[in-house]
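Take a look at the structure below.
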Amino acid sequence: MIVRELELDLDAFEGPFDLLLTLVLKEELDLADVDVAGIVLGFVERLAEREELDLEACGEFLILVSALMELKARGLFPDEEAELAELEPEEAAEELARRLAEYRQMKEAAAWLRERLAGERDRFFRVGPAPLAPEPERRLAPQDPDGLASVLRLLAVAPPEVSLAHMTLHFPPVAQFLERFRALLRSRSMFDFDQEMEGLSRQEQAVAFLALLELRRANQITISQAAPFAPIRIGRTEETGASNERTPAWNLRSA
Amino acid sequence: MEPPLRLVVANPLDRLARTLEALLVVATAPLSLEELCEATEEEKDRVETALGLLAERYGEGRSGIVLEQVAGGWAYRASRDAAEACARLFERPVQRGVSQAAMETLAIVAYLGPCTRPEIARIRGVAADSAVAGLVERGLIAEAGRGDGAGGAVRYRVTPLFERVFGLESLSQLPRLDDLGDDVDAIRERLHAVASQRSA
């Protein structure tokens, strides 16, 4: 009889003994699920079928099954093996007893639950998702109508009056300054813009500046400035005298 | 012509009992006393008295519907007499296929919960992952927060369905842990005997 070929029929495994060993060693089968007593029973049954006692097979089986038992026992206390080994035998015994007692209680509690479940088999009741709870009503805090009125009153204030002051501003025509600058450059080759503006109103200065830009665009003057905010110097070009007749006929309002 | 049938004018307590009856018929899970008080806008004492009336009316052997106190609340169920007929159409949740590992895990969670998978594994000596997953799927246990510290393991506790399936009014109806495992002393003695042999 060859022990390794012993056919097993367990809950967790069905097949030859040596396949079981291979699976366990490869950790593809959890020893905790393997009923070792079932293996022993299977072997003893096979043994009983024979008339002679196969001592060699018995010896081999004992070695294999005891190795399996040891592996399984170690597996039950995976991380605590070392911890237990450090304890004195009495302490280890006490620790083991404590753990066994704890497990024993839970095992009996499980048995009680199983019995209870069987006893309750004739109690039928409804299960299912609970009916939806109504959507909570959105309650508003009590309100004071006067409060609302006073807030509205704040909003109902007439807007500030729009200033129309700019409507009455007087803008001199741009042409006036075009003429003036051309006249200046006829008598001088260069003049200082800021100096010329002295005594003029803001509006007049703005129109004068537009006139400058216009002249520059027509390439009738040169504009130079040494640095930002430095005095603006205006000079003449060849065309300054020649293009009098091209004076544009627009003023600020038409821009 | 016959006079129309006159209904007996219900006294207020009877009216409350009817309302409770209606609430319990709509519910699919036991309703707590608090929930019943909230829904009826009544005092606890009066609701309890009315529930007493109903419990009497819907007692085992009196009616096909039985009012019972279970899983921390009140619920209707079928009378035990009707169980056979019920069983032809319906299956009780969780009646079958609870493995030994699952039952032990369930016991541990019921007694020690909320507890984590490592705690369960420590007591049973083997990993509890698949047993826990199965029990969660069956609705017998549910997650109940996490253990202490950052990244603590998920804790589990039993659900109201557990109490209902096992017919428990509350977890205090479980047998006392001290009354279980009475052969523990014998085991301890044997272990100590082995230890003293080895140290000698």
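The values are calculated or read from the model by the stated rules, or taken from the named source; none is laboratory data. The structure presented is a predicted model; accordingly, all values stated were derived computationally and were not measured. Don't worry about glycine lacking a Cβ; one is built from the backbone with ideal geometry, like all the others, and counts go over all protein chains shown. We work out accessible area using only protein heavy atoms, side chains counted, and drop any ligands, DNA or RNA first. Shrake-Rupley method; radii C 1.70, N 1.55, O 1.52, S 1.80 Å.
Please go through the stretch B:25-47 and pick out each residue that is assigned to a helix (DSSP H, G or I) and either touching a residue at least 40 places away in the same chain (Cβ under 8 Å) or open to solvent by 30 Å² or more (accessible area, probe 1.4 Å) (or both). Outline the logic, then answer.
Applying the first criterion (assigned to a helix (DSSP H, G or I)) to the stretch B:25-47 yields B:25-26, B:33-40, B:44-47.
Across the stretch B:25-47, the qualifying residues are B:Val25, B:Val26, B:Leu33, B:Glu34, B:Glu35, B:Glu38, B:Ala39, B:Lys44, B:Asp45, B:Arg46.
Provide a single number: the residues in the stretch A:100-141 that are among the aliphatic types (A, V, I, L, M), at the interface with chain B (Cβ under 7 Å from one of its Cβ atoms) and not in a helix (DSSP H, G or I). Lay out the reasoning, then the answer.
First pass over the stretch A:100-141, keeping only residues among the aliphatic types (A, V, I, L, M): A:100-101, A:106, A:109-111, A:113, A:117-118, A:127, A:130, A:132-133, A:140-141.
Retained after the next criterion (residues that are at the interface with chain B (Cβ under 7 Å from one of its Cβ atoms)): A:100-101, A:106, A:109-110, A:113, A:117, A:127, A:130.
Next cut, not in a helix (DSSP H, G or I) only: A:127, A:130.
Residues flagged as among the aliphatic types (A, V, I, L, M), at the interface with chain B (Cβ under 7 Å from one of its Cβ atoms) and not in a helix (DSSP H, G or I) within the stretch A:100-141 amount to 2.
Of all residue pairs spaced 6 or more apart or on separate chains, those with beta-carbon atoms under 7 Å, a first member in the stretch B:52-63 that is farther than 14 Å from B:Ala22 by Cβ and a second member that is of a type in the set (Val, Ile, Thr) are B:Gly59/B:Val66; B:Glu60/B:Val66.
Among the residues of the stretch A:70-91, how many are modelled with pLDDT under 75, more than 7 Å from every other protein chain (Cβ to nearest Cβ) and either under 24 Å from B:Ala102 (Cβ atoms) or open to solvent by less than 50 Å² (accessible area, probe 1.4 Å) (or both)? Residues in the stretch A:70-91 being modelled with pLDDT under 75, more than 7 Å from every other protein chain (Cβ to nearest Cβ) and either under 24 Å from B:Ala102 (Cβ atoms) or open to solvent by less than 50 Å² (accessible area, probe 1.4 Å) (or both): 5 in total.
Looking at the stretch B:81-90 only, could you name the residues that are part of a helix (DSSP H, G or I) and either in contact with a strand residue (DSSP E or B) (Cβ under 6 Å, 6 or more places away or on another chain) or open to solvent by 80 Å² or more (accessible area, probe 1.4 Å) (or both)? Across the stretch B:81-90, the qualifying residues are B:Asp81, B:Glu84, B:Cys86, B:Arg88, B:Leu89. Here the helices (runs of 4 or more DSSP H) wholly within the stretch B:97-147 that include at least 3 residues being within 17 Å of A:Arg116 (Cβ to Cβ) and modelled with pLDDT of 90 or more are B:100-112.
Quick check on this structure: which one of A:Glu108, A:Glu102 is within 47 Å of the chain's Cα centre (by Cα), of a type in the set (Asp, Glu), at pLDDT 80 or above and within 30 Å of B:Ala71 (Cα to Cα)? Steps first, please.
On the way: A:Glu108 fails: within 47 Å of the chain's Cα centre (by Cα).
Result of the check over A:Glu108, A:Glu102: A:Glu102.
Within the stretch B:114-133, track down each residue that is under 22 Å from the mean Cα position of the chain (by Cα) and open to solvent by 30 Å² or more (accessible area, probe 1.4 Å). If the condition is that a residue be under 22 Å from the mean Cα position of the chain (by Cα) and open to solvent by 30 Å² or more (accessible area, probe 1.4 Å), then B:Pro114, B:Arg117, B:Ala133 are the ones that fit.
Please determine, by comparing only the residues of the stretch A:128-150 that are open to solvent by less than 80 Å² (accessible area, probe 1.4 Å) and within 42 Å of the chain's Cα centre (by Cα), which one is modelled with the highest pLDDT. Applying the filter and picking the extreme gives A:Ala141. Filtering B:Leu112, B:Leu51, B:Leu67 for residues that are touching a Leu at 6+ places or on another chain (Cβ under 6 Å) and among the hydrophobic types (A, V, I, L, M, F, W, C) leaves a single hit, B:Leu67.
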